[in-house]
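Contents: one structure, followed by commentary.
The values are calculated or read from the model by the stated rules, or taken from the named source; none is laboratory data. As the structure is a computational prediction, the values presented were derived from the model and not from experiment. Virtual Cβ from ideal backbone geometry, glycine too; neighbours counted across all protein chains shown. The accessibility values were calculated without ligands, DNA or RNA, using every heavy atom of the protein model including side chains. Shrake-Rupley method; radii C 1.70, N 1.55, O 1.52, S 1.80 Å.
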Amino acid sequence: MSFAQNIQYLRKLRGITQEELSDLVGVSRQSVSKWETGDAFPETEKIMQLCDIFNVSMDVLMRGNAQKYFTENENGCDIGKWQNAPPENKDGEPHSDYAETRESNNPLEMTREEAERVKNFSTLPKRTKRHIKRQIISSAATGIIFAVAAIVYICLGAILNLWHPAWVVFIFALAVAIFTDGIVRKRDCAAVGIMRGLRDSVIVFAAATYLLTGFLCDLWHPAWVIFIAAVILSIIFDIIKEAIKNSRKK
């Protein structure tokens with residue numbers, strides 16, 4: 001079964017709607033619908049939340065067969081019995097901790113503690129939390145960069161009446177945003193991050209420089225050499241990045 005089939009099966013098995021699942025995960029109902037049709041894929045932290053909600057491993061959810069997993073569970077009982085009765089110990093008696101933590105005999109119903117754990121950011125693995133923090137920082141930096149670009153554009157247009165060529169500032173802003181994202185999103189050292197950012201953003205910088213040179217100096221023909229230089233620099237930055245990474249592994 002695919003991920004889309006697994007999540008649809010688990011949601012129905014648990015007896016909740018797409019809207020209820022979206023509330024548990026913290027996304028829109030449309031996102032859940034796209035997951036189930038295979039048109040979209042959740043982020044890593046959402047996948048981990050889904051594993052907690054459905055009480056399955058990531059391997060079962062992403063690559064396994066959820067229906068087979070719940071049909072052929074470790075107690076050897078069929079899915080109907082598993083749905084209607086609490087899990088039993090070796091003596092055939094319900095687990096004592098199960099009766100204490102659940103308000104009903106539905107094993108797919110979350111306890112208050114489980115629901116709180118899903119919503120609590122502090123319970124996520126450190127790797128996931130660092131990934132989320134890097135995403136937040138990168139998004140905030142991108143917003144600030146484009147806000148500054150908008151202010152610069154308005155000032156150049158209003159004060160110097162340079163509305164036409166000044167829009168190139170947004171391409172420079174895009175290049176800076178790509179450069180920043182290359183540094184922030186990854187876990188490597190600062191030097192590797194800088195080289196990655198330069199490699200990813202140099203072509204956009206070249207495009208902005210080419211346009212600015214053409215508009216201001218009318219050097220459209222010779223200025224295309226900038227793109228050749230950008231490709232060469234991109235290769236050089238990538239070589240330096242790999243060299244730094246290899247030196248750190250030794």
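Please report the accessible area of Leu162 (heavy atoms, 1.4 Å probe, ligands and nucleic acids excluded) in Å², nearest 10.
Here the accessible area works out near 70 Å².
Hand me the trypsin sites (Lys or Arg not before Pro) from segment 123-227 located in a DSSP loop with no more than 12 other Cβ atoms within 10 Å, in residue order please.
Sparse-neighbourhood loop trypsin sites (Lys or Arg not before Pro): Arg187.
Assuming a ≥ b ≥ c are the square roots of the Cα gyration tensor eigenvalues, decide whether segment 133-174 counts as rounded (a/c under 1.5), prolate (otherwise, with a/b larger than b/c) or oblate.
It is prolate, given that a/c is not under 1.5 and a/b is the larger ratio.
Between Ala150 and Leu233, take the C-beta separation as r, use R0 = 25 Å, and let me know the FRET efficiency to the nearest 0.05.
The value I calculate is 0.35.
Which of rounded, prolate or oblate describes segment 174-215 when judged by the alpha-carbon gyration tensor and an a/c cut-off of 1.5?
Here segment 174-215 falls in the prolate category.
Once ligands and nucleic acids are excluded and a 1.4 Å probe is used, how much of Phe41 is accessible, expressed in Å² to the nearest 10?
Answer for Phe41: close to 120 Å² accessible.
What three numbers, in Å, describe the spread of the alpha carbons of segment 129-250 along their principal axes, ordered from the longest?
54, 35, 14
Leaving ligands, DNA and RNA out of it, work out the accessible area of Cys189 with a 1.4 Å probe and give it in Å² to the nearest 10.
Rounded to the nearest 10, the figure is 30 Å².
Sort Trp220, Trp35, Trp163 by accessible area with a 1.4 Å probe, largest first.
Reading off the accessible areas and sorting them downward yields Trp163, Trp220, Trp35.
Ordering Ser234, Ser138, Ser28 by how much accessible area each has at a 1.4 Å probe, largest first, what is the list?
Putting Ser234, Ser138, Ser28 in descending order of accessible area: Ser28, Ser234, Ser138.
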